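Scroll down for the structure; my scribbles are underneath it.
Derivation of every value follows stated rules applied to the coordinates shown; laboratory data play no part. Here the structure is a predicted model, which means the values were calculated and not measured. Glycine gets a Cβ as well: all are built from the backbone with ideal geometry, and neighbour counts include every protein chain shown.
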Amino acid sequence: MNANDATLTELATAQTGSMVHDDAPNAPAGGGFDLIVAAAAGSALGSSGAPYTLTISAIDLTTVSQPWPPQILHQAFDTASGWKLSGTGPDYQCTQTIPTTVPGGPGGPLAGHTLRFVASLISPGAQIVAIRRSGPFVLV
């Protein structure tokens, strides 16, 4: 990886407390699930402290709408935001688990809907831009 670049490497839904991708992350009838966000950064950027904004949006593919407001997280390439050496080279990696509550709860208005997440990592001045989408998933 370029020493001054970053990319989002994973965006996946999982049962609460799990790191394993799940197409029905709140089954059976749970009120929430986890969103797993993983990224990688080059050797110069990964511990630089440079700021970025991570924006995560949900899209309801069934109704072609946004079921809840996007999450906007102001972070930096530093240990406080979870960045650490990859262990296999000079690059850095970061994996975050974001608990997500199902609006209306299980069996609510989103039950049976297919959704997907889209995330973007953007530095000030857009010097670093990365976009990733999750696979589709169904809420119960």
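Scan region 6-27 and give yes if some residue there is in contact with a helix residue (DSSP H, G or I) (Cβ under 8 Å, 6 or more places away or on another chain), at negative phi, outside any helix (DSSP H, G or I) and among the polar types (S, T, N, Q), otherwise no.
The answer is no, given that none of the residues of region 6-27 is in contact with a helix residue (DSSP H, G or I) (Cβ under 8 Å, 6 or more places away or on another chain), at negative phi, outside any helix (DSSP H, G or I) and among the polar types (S, T, N, Q).
Selection within region 54-79: residues that are touching a residue at least 60 places away in the same chain (Cβ under 8 Å) and outside any strand (DSSP E or B). The member of this set that is farthest from P124 (Cα to Cα) is L61. Exactly one residue among A27, A38 is of a type outside the set (D, E) and under 14 Å from S120 (Cα atoms), and that residue is A38.
Without any contact (Cβ under 8 Å) to a residue 12 or more places away in the chain, closer than 22 Å to G135 by Cα and of a type in the set (G, A, S): is that true of S18 in this structure? Against the criterion (without any contact (Cβ under 8 Å) to a residue 12 or more places away in the chain, closer than 22 Å to G135 by Cα and of a type in the set (G, A, S)), S18 does not qualify. Looking only at residues in region 80-112 that are farther than 22 Å from Q127 by Cα and under 13 Å from the mean Cα position of the chain (by Cα), the one that is surrounded by the most Cβ atoms within 10 Å (Cβ to Cβ) is T100. Could you list, in sequence order, the residues of region 1-51 that are surrounded by fewer than 14 Cβ atoms within 10 Å (Cβ to Cβ) and aliphatic (A, V, I, L, M)? Across region 1-51, the qualifying residues are A3, M19, V20, A29. Tallying residues that are of a type in the set (G, A, S) and either closer than 16 Å to N2 by Cα or assigned to a strand (DSSP E or B) (or both) within region 80-97 yields 2.
Output yes when any residue across region 86-107 is in contact with a Leu (Cβ under 8 Å, 6 or more places away or on another chain) and among the aliphatic types (A, V, I, L, M), and no when none is. Yes, the conditions are met somewhere in region 86-107.
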